[in-house]
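K.L.:
Attaching a single structure in C-alpha coordinates format; questions to follow.
The values are calculated or read from the model by the stated rules, or taken from the named source; none is laboratory data. Please read these numbers as outputs of a predicted model, since none were measured by experiment. No Cβ is skipped: glycine too gets one built from the backbone with ideal geometry, and neighbour counts run over all protein chains shown.
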(Lines give C-alpha, C1' and ligand atoms only; values in the text may rest on other atoms or scores of the structure.)
Protein backbone atom coordinates (compact mmCIF):
# COMPACT_ATOMS: atom_id res chain seq x y z
CA UNK A 1 0.00 0.00 0.00
CA UNK A 2 1.28 3.45 -0.92
CA UNK A 3 0.35 4.72 2.52
CA UNK A 4 3.48 3.04 3.91
CA UNK A 5 5.48 5.81 2.24
CA UNK A 6 3.71 8.40 4.41
CA UNK A 7 5.38 7.04 7.54
CA UNK A 8 8.69 8.50 6.39
CA UNK A 9 7.31 12.05 6.11
CA UNK A 10 5.39 12.23 9.36
CA UNK A 11 5.09 9.23 11.65
CA UNK A 12 2.00 8.54 13.71
CA UNK A 13 3.98 6.36 16.09
CA UNK A 14 2.60 6.26 19.64
CA UNK A 15 -0.73 7.74 18.50
CA UNK A 16 -4.09 6.02 18.93
CA UNK A 17 -6.57 6.23 16.05
CA UNK A 18 -10.21 5.19 15.90
CA UNK A 19 -11.76 4.37 12.53
CA UNK A 20 -15.51 3.72 12.21
CA UNK A 21 -16.89 1.54 9.45
CA UNK A 22 -13.45 -0.09 9.46
CA UNK A 23 -14.27 -3.70 8.61
CA UNK A 24 -14.07 -3.27 4.82
CA UNK A 25 -13.70 -0.86 1.91
CA UNK A 26 -12.44 2.65 2.58
CA UNK A 27 -12.60 2.22 6.35
CA UNK A 28 -10.28 -0.78 6.25
CA UNK A 29 -8.03 1.09 3.83
CA UNK A 30 -7.82 4.05 6.21
CA UNK A 31 -7.11 1.74 9.14
CA UNK A 32 -4.34 -0.04 7.24
CA UNK A 33 -2.77 3.28 6.28
CA UNK A 34 -2.86 4.60 9.83
CA UNK A 35 -1.31 1.38 11.13
CA UNK A 36 1.39 1.54 8.43
CA UNK A 37 2.21 5.08 9.60
CA UNK A 38 2.74 3.77 13.13
CA UNK A 39 -0.58 4.35 14.87
CA UNK A 40 -2.37 1.84 17.06
CA UNK A 41 -5.77 1.54 15.38
CA UNK A 42 -9.10 0.76 17.04
CA UNK A 43 -11.38 -0.67 14.36
CA UNK A 44 -15.09 0.01 14.86
CA UNK A 45 -17.96 -1.58 12.93
CA UNK A 46 -21.10 -3.61 13.57
CA UNK A 47 -19.82 -7.01 12.41
CA UNK A 48 -17.56 -8.75 14.91
CA UNK A 49 -16.42 -11.39 12.42
CA UNK A 50 -15.53 -8.85 9.74
CA UNK A 51 -13.62 -6.77 12.30
CA UNK A 52 -11.58 -9.77 13.42
CA UNK A 53 -10.60 -10.46 9.80
CA UNK A 54 -9.68 -6.79 9.34
CA UNK A 55 -7.48 -6.83 12.44
CA UNK A 56 -5.73 -9.94 11.14
CA UNK A 57 -4.98 -8.18 7.84
CA UNK A 58 -3.37 -5.27 9.68
CA UNK A 59 -1.43 -7.44 12.10
CA UNK A 60 -0.15 -9.65 9.27
CA UNK A 61 1.34 -6.48 7.71
CA UNK A 62 3.07 -5.65 11.00
CA UNK A 63 0.57 -3.11 12.33
CA UNK A 64 -1.19 -2.81 15.67
CA UNK A 65 -4.97 -3.00 15.75
CA UNK A 66 -7.90 -4.10 17.89
CA UNK A 67 -11.57 -4.76 17.14
CA UNK A 68 -14.46 -2.99 18.85
CA UNK A 69 -17.94 -4.02 17.60
CA UNK A 70 -20.28 -1.04 17.70
CA UNK A 71 -23.37 0.53 16.14
CA UNK A 72 -22.41 4.20 15.91
CA UNK A 73 -26.04 5.30 16.39
CA UNK A 74 -26.25 3.67 19.84
CA UNK A 75 -25.27 6.55 22.15
CA UNK A 76 -24.69 4.62 25.44
CA UNK A 77 -22.64 1.96 23.64
CA UNK A 78 -20.55 4.58 21.84
CA UNK A 79 -19.66 6.14 25.20
CA UNK A 80 -18.84 2.74 26.71
CA UNK A 81 -16.68 1.58 23.78
CA UNK A 82 -14.74 4.85 23.58
CA UNK A 83 -14.02 4.58 27.31
CA UNK A 84 -12.87 0.99 26.73
CA UNK A 85 -10.55 2.04 23.90
CA UNK A 86 -9.03 4.77 26.07
CA UNK A 87 -8.51 2.32 28.92
CA UNK A 88 -6.97 -0.40 26.73
CA UNK A 89 -5.07 1.61 24.10
CA UNK A 90 -4.51 5.03 25.66
CA UNK A 91 -5.75 8.56 24.90
CA UNK A 92 -7.31 8.91 21.45
CA UNK A 93 -5.41 11.21 19.09
CA UNK A 94 -7.31 10.60 15.84
CA UNK A 95 -10.92 9.83 14.95
CA UNK A 96 -11.94 8.99 11.39
CA UNK A 97 -15.73 9.06 11.08
CA UNK A 98 -16.09 6.81 8.06
CA UNK A 99 -19.18 4.73 8.90
CA UNK A 100 -21.96 5.53 6.47
CA UNK A 101 -24.77 4.30 4.28
CA UNK A 102 -26.21 5.44 0.95
CA UNK A 103 -29.68 3.84 1.01
CA UNK A 104 -32.50 4.28 0.20
CA UNK A 105 -32.59 4.78 -3.57
CA UNK A 106 -35.63 6.32 -5.20
CA UNK A 107 -37.65 9.52 -5.35
CA UNK A 108 -38.50 10.90 -1.93
CA UNK A 109 -42.18 9.97 -2.15
CA UNK A 110 -41.28 6.42 -3.22
CA UNK A 111 -38.90 5.49 -0.40
CA UNK A 112 -39.67 4.39 3.12
CA UNK A 113 -39.42 7.37 5.53
CA UNK A 114 -37.78 5.17 8.15
CA UNK A 115 -35.07 4.09 5.71
CA UNK A 116 -34.53 7.72 4.68
CA UNK A 117 -34.10 8.82 8.28
CA UNK A 118 -31.81 5.88 9.08
CA UNK A 119 -29.30 7.30 6.59
CA UNK A 120 -29.27 10.57 8.54
CA UNK A 121 -28.88 8.66 11.79
CA UNK A 122 -25.85 6.70 10.59
CA UNK A 123 -24.11 9.44 8.61
CA UNK A 124 -24.82 12.44 10.85
CA UNK A 125 -25.88 11.27 14.30
CA UNK A 126 -23.23 8.52 14.28
CA UNK A 127 -20.55 11.07 13.44
CA UNK A 128 -21.80 13.39 16.17
CA UNK A 129 -21.96 10.65 18.82
CA UNK A 130 -18.45 9.38 18.13
CA UNK A 131 -17.05 12.92 18.11
CA UNK A 132 -18.99 13.72 21.29
CA UNK A 133 -17.44 10.71 23.00
CA UNK A 134 -13.79 11.32 22.03
CA UNK A 135 -13.70 15.11 22.35
CA UNK A 136 -13.49 15.36 26.16
CA UNK A 137 -10.22 13.41 26.04
CA UNK A 138 -8.89 15.46 23.14
CA UNK A 139 -9.87 18.72 24.84
CA UNK A 140 -8.17 17.58 28.05
CA UNK A 141 -4.90 16.76 26.28
CA UNK A 142 -5.29 19.83 24.03
CA UNK A 143 -4.67 17.94 20.84
CA UNK A 144 -6.54 15.72 18.45
CA UNK A 145 -7.74 15.41 14.88
CA UNK A 146 -11.12 14.35 13.59
CA UNK A 147 -11.74 13.53 9.94
CA UNK A 148 -15.37 13.30 8.81
CA UNK A 149 -15.71 11.43 5.53
CA UNK A 150 -17.89 13.59 3.30
CA UNK A 151 -18.77 13.58 -0.39
CA UNK A 152 -19.41 15.81 -3.38
CA UNK A 153 -23.02 14.75 -2.88
CA UNK A 154 -23.13 17.46 -0.20
CA UNK A 155 -23.17 20.04 -2.99
CA UNK A 156 -24.87 18.24 -5.90
CA UNK A 157 -28.47 17.45 -6.74
CA UNK A 158 -29.08 13.73 -6.73
CA UNK A 159 -32.85 13.17 -6.98
CA UNK A 160 -32.73 9.44 -6.30
CA UNK A 161 -30.79 9.40 -3.05
CA UNK A 162 -31.56 12.67 -1.34
CA UNK A 163 -30.95 11.25 2.14
CA UNK A 164 -27.29 10.66 1.32
CA UNK A 165 -26.77 14.15 -0.07
CA UNK A 166 -28.62 15.75 2.83
CA UNK A 167 -26.57 13.77 5.33
CA UNK A 168 -23.24 14.72 3.76
CA UNK A 169 -24.28 18.39 3.59
CA UNK A 170 -25.17 18.29 7.29
CA UNK A 171 -21.93 16.49 8.13
CA UNK A 172 -19.88 19.07 6.22
CA UNK A 173 -21.57 21.91 8.09
CA UNK A 174 -21.08 20.04 11.37
CA UNK A 175 -17.38 19.85 10.56
CA UNK A 176 -17.08 23.62 10.12
CA UNK A 177 -18.99 24.36 13.31
CA UNK A 178 -17.09 21.80 15.36
CA UNK A 179 -13.76 23.13 14.09
CA UNK A 180 -14.62 26.60 15.38
CA UNK A 181 -15.71 25.22 18.73
CA UNK A 182 -12.51 23.21 19.23
CA UNK A 183 -9.92 25.52 17.67
CA UNK A 184 -8.83 27.10 20.97
CA UNK A 185 -8.22 23.63 22.43
CA UNK A 186 -5.78 22.47 19.75
CA UNK A 187 -8.22 20.11 18.01
CA UNK A 188 -8.58 20.10 14.23
CA UNK A 189 -11.61 18.83 12.33
CA UNK A 190 -11.73 18.17 8.58
CA UNK A 191 -14.40 17.15 6.08
CA UNK A 192 -12.68 14.84 3.58
CA UNK A 193 -14.12 13.60 0.31
CA UNK A 194 -12.31 10.42 -0.87
CA UNK A 195 -13.70 10.66 -4.40
CA UNK A 196 -15.04 7.87 -6.60
CA UNK A 197 -13.53 4.72 -5.13
CA UNK A 198 -14.56 1.16 -5.95
CA UNK A 199 -16.13 -0.28 -2.81
CA UNK A 200 -19.08 -2.50 -1.99
CA UNK A 201 -21.16 0.67 -1.59
CA UNK A 202 -20.37 2.05 -5.05
CA UNK A 203 -20.78 -1.42 -6.58
CA UNK A 204 -24.21 -1.67 -4.99
CA UNK A 205 -25.18 1.76 -6.29
CA UNK A 206 -23.96 1.02 -9.82
CA UNK A 207 -25.90 -2.25 -9.88
CA UNK A 208 -29.09 -0.86 -8.38
CA UNK A 209 -32.11 -1.21 -10.71
CA UNK A 210 -33.40 2.16 -9.48
CA UNK A 211 -30.11 3.91 -10.21
CA UNK A 212 -29.69 2.27 -13.62
CA UNK A 213 -33.28 2.92 -14.64
CA UNK A 214 -33.08 6.63 -14.02
CA UNK A 215 -29.40 7.47 -14.50
CA UNK A 216 -28.18 4.80 -16.90
CA UNK A 217 -25.09 2.59 -16.79
CA UNK A 218 -22.48 5.34 -16.60
CA UNK A 219 -21.24 4.39 -13.13
CA UNK A 220 -21.19 0.69 -14.03
CA UNK A 221 -19.08 1.42 -17.11
CA UNK A 222 -16.78 3.70 -15.12
CA UNK A 223 -16.09 0.90 -12.66
CA UNK A 224 -15.54 -1.67 -15.40
CA UNK A 225 -13.20 0.64 -17.32
CA UNK A 226 -11.17 1.52 -14.23
CA UNK A 227 -12.21 5.17 -14.16
CA UNK A 228 -12.14 5.29 -10.37
CA UNK A 229 -9.52 6.25 -7.80
CA UNK A 230 -7.52 3.51 -6.12
CA UNK A 231 -8.25 3.24 -2.41
CA UNK A 232 -4.53 3.85 -1.79
CA UNK A 233 -4.87 7.33 -3.30
CA UNK A 234 -7.63 8.22 -0.85
CA UNK A 235 -5.65 6.74 2.04
CA UNK A 236 -2.55 8.79 1.23
CA UNK A 237 -4.59 11.98 0.91
CA UNK A 238 -6.25 11.39 4.28
CA UNK A 239 -2.93 10.67 5.96
CA UNK A 240 -1.52 13.94 4.68
CA UNK A 241 -4.11 15.69 6.84
CA UNK A 242 -2.87 13.79 9.86
CA UNK A 243 0.90 13.54 9.64
CA UNK A 244 1.70 17.19 8.82
CA UNK A 245 0.70 20.61 10.17
CA UNK A 246 -2.72 21.31 8.64
CA UNK A 247 -4.19 23.49 11.39
CA UNK A 248 -5.11 26.22 8.88
CA UNK A 249 -7.35 23.76 7.06
CA UNK A 250 -9.44 22.87 10.11
CA UNK A 251 -13.13 23.22 9.28
CA UNK A 252 -12.55 22.93 5.55
CA UNK A 253 -14.11 20.55 3.04
CA UNK A 254 -11.18 18.94 1.21
CA UNK A 255 -11.32 16.88 -1.97
CA UNK A 256 -9.02 13.90 -2.40
CA UNK A 257 -7.58 15.51 -5.53
CA UNK A 258 -6.62 18.75 -3.77
CA UNK A 259 -3.04 19.40 -2.71
CA UNK A 260 -3.19 19.81 1.07
CA UNK A 261 0.22 21.51 1.12
CA UNK A 262 -0.91 24.10 -1.43
CA UNK A 263 -4.16 24.64 0.45
CA UNK A 264 -2.25 25.21 3.68
CA UNK A 265 0.04 27.73 1.98
CA UNK A 266 -2.97 29.52 0.49
CA UNK A 267 -4.76 29.66 3.85
CA UNK A 268 -1.63 31.02 5.53
CA UNK A 269 -1.20 33.72 2.89
CA UNK A 270 -4.83 34.75 3.17
CA UNK A 271 -4.51 35.15 6.95
CA UNK A 272 -1.26 37.08 6.65
CA UNK A 273 0.90 34.30 8.16
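K.L.:
Answer yes or no as to whether residue 178 is farther than 22 Å from residue 41 by Cα, crowded, with 21+ Cβ neighbours inside 10 Å, touching a strand residue (DSSP E or B) at 6+ places or on another chain (Cβ under 7 Å) and at pLDDT 95 or above.
P.N.:
The answer is yes for residue 178.
K.L.:
Can I ask one more? Could you tell me which numbered condition residue 88 fails, if it satisfies all but one of (1) touching a residue at least 40 places away in the same chain (Cβ under 8 Å); (2) surrounded by fewer than 23 Cβ atoms within 10 Å (Cβ to Cβ)?
P.N.:
(1)
K.L.:
Another question, then. Residues of the stretch 30-54 being in contact with a strand residue (DSSP E or B) (Cβ under 8 Å, 6 or more places away or on another chain) and either part of a helix (DSSP H, G or I) or surrounded by fewer than 19 Cβ atoms within 10 Å (Cβ to Cβ) (or both), which ones?
P.N.:
Listed by number, the residues that qualify are 30, 31, 34, 35, 46, 47, 48, 51, 52, 54.
Quick grid of which residues meet (1) within 21 Å of residue 253 (Cβ to Cβ); (2) out of contact with any strand residue (DSSP E or B) (no Cβ under 9 Å at 6 or more places or on another chain):
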| position | (1), (2) |
| --- | --- |
| 66 | no, no |
| 75 | no, yes |
| 117 | no, yes |
| 136 | no, yes |
| 147 | yes, no |
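K.L.:
Would you confirm whether or not the stretch 93-115 contains a residue that is assigned to a helix (DSSP H, G or I), free of Cβ contacts under 8 Å to residues at least 12 places away in the same chain and either more than 20 Å from the chain's Cα centre (by Cα) or farther than 22 Å from residue 30 by Cα (or both)? Before you say what the answer is, go through the steps one by one.
P.N.:
Taking the stretch 93-115 as the starting set, the residues that turn out to be assigned to a helix (DSSP H, G or I) are 113-115.
Okay, now just the ones that are also free of Cβ contacts under 8 Å to residues at least 12 places away in the same chain, so 113-114.
Now narrow it down to the ones that are either more than 20 Å from the chain's Cα centre (by Cα) or farther than 22 Å from residue 30 by Cα (or both): 113-114.
Yes: one or more hits.
K.L.:
Given (1) under 16 Å from residue 190 (Cβ atoms); (2) in contact with a helix residue (DSSP H, G or I) (Cβ under 6 Å, 6 or more places away or on another chain); (3) part of a helix (DSSP H, G or I), identify the lone condition not met by residue 128.
P.N.:
Condition (2) is where residue 128 drops out.
K.L.:
Does at least one position in the stretch 258-269 carry a residue that is closer than 18 Å to residue 152 by Cβ and at pLDDT 90 or above?
P.N.:
no
K.L.:
Looking at the stretch 91-117 only, could you name the residues that are buried (at least 18 other Cβ atoms within 10 Å of the Cβ) and modelled with pLDDT of 95 or more?
P.N.:
Within the stretch 91-117, 92, 93, 94, 95, 96, 97, 98, 99, 116 meet the criteria.
K.L.:
Look through 183, 227, 221 and report the one residue that is surrounded by fewer than 20 Cβ atoms within 10 Å (Cβ to Cβ), modelled with pLDDT under 90 and assigned to a helix (DSSP H, G or I).
P.N.:
Numbers: 183 fails: modelled with pLDDT under 90; 227 fails: assigned to a helix (DSSP H, G or I).
Exactly one residue qualifies, and that residue is 221.
K.L.:
Residues in the stretch 118-135: is at least one surrounded by fewer than 19 Cβ atoms within 10 Å (Cβ to Cβ), modelled with pLDDT of 95 or more, farther than 30 Å from residue 183 by Cα and under 20 Å from the mean Cα position of the chain (by Cα)?
P.N.:
Scanning the stretch 118-135 turns up at least one residue that is surrounded by fewer than 19 Cβ atoms within 10 Å (Cβ to Cβ), modelled with pLDDT of 95 or more, farther than 30 Å from residue 183 by Cα and under 20 Å from the mean Cα position of the chain (by Cα).
K.L.:
Oh, and also: Exactly one of (1) modelled with pLDDT under 95; (2) surrounded by fewer than 23 Cβ atoms within 10 Å (Cβ to Cβ); (3) out of contact with any strand residue (DSSP E or B) (no Cβ under 9 Å at 6 or more places or on another chain) is unmet by residue 155. Its number?
P.N.:
Failed condition: (3).
K.L.:
Only one of 3, 8 is at pLDDT below 95, farther than 22 Å from residue 133 by Cβ and out of contact with any helix residue (DSSP H, G or I) (no Cβ under 8 Å at 6 or more places or on another chain); which?
P.N.:
8
K.L.:
Based on this model, can you work out whether residue 82 counts as modelled with pLDDT of 95 or more, part of a strand (DSSP E or B) and surrounded by 24 or more Cβ atoms within 10 Å (Cβ to Cβ)?
P.N.:
Values: modelled with pLDDT of 95 or more: yes; part of a strand (DSSP E or B): no; surrounded by 24 or more Cβ atoms within 10 Å (Cβ to Cβ): yes.
It is false that residue 82 is modelled with pLDDT of 95 or more, part of a strand (DSSP E or B) and surrounded by 24 or more Cβ atoms within 10 Å (Cβ to Cβ).
K.L.:
Within the stretch 38-61, how many residues are without any contact (Cβ under 8 Å) to a residue 40 or more places away in the chain, within 18 Å of residue 77 (Cβ to Cβ) and within 16 Å of the chain's Cα centre (by Cα)?
P.N.:
2
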